[in-house]
Amino acid sequence: MRQPVVKPLHDTKPNLEIVQGLAKRLQLILGGPFTLAFWLLFFSLGLLLPLLMEIWEVVSARLPGTIGYHGKWIAASTAILVLAGGFLLRYIFVYAGQISAFR
């Protein structure tokens with residue numbers, strides 16, 4: 001039987017230390033200093049507002065008796081909000097991981 005050339009650094013099964021580390025990082029996001037940024041900036045402005053803008057645009061175009069309207073400003077602002085939300089999610093998770101590693 002062949003032996004592995006390099007021994008793995010850790011087991012592939014999650015152990016208690018990994019789960020506790022994830023819990024610390026999530027606590028920073030869901031109940032710590034990044035809570036407001038996560039819910040207000042990322043969730044509201046980066047996910048919910050663009051979704052509502054797109055729904056409003058589709059529904060208003062589908063109403064009987066209206067001409068299909070596709071606003072360039074609505075599409076551009078929706079795209080910018082989604083990109084900003086993606087950046088904020090990355091920012092929040094990276095900094096929460098760094099802060100929990102230093103504690």
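Evaluate the distance, in nm, between pseudo-label points positioned 7 Å from the Cα of Thr35 and of Leu51 along their respective Cα→Cβ axes.
With each label point 7 Å from Cα toward Cβ, the separation is 2.2 nm.
For segment 27-102, what percent of Cα pairs sit more than 19 Å apart?
Pairs farther apart than 19 Å: 48 percent.
Read-outs: derived from the displayed coordinates by stated rules, not from any lab. Here the structure is a predicted model, which means the values were calculated and not measured. Don't worry about glycine lacking a Cβ; one is built from the backbone with ideal geometry, like all the others, and counts go over all protein chains shown.
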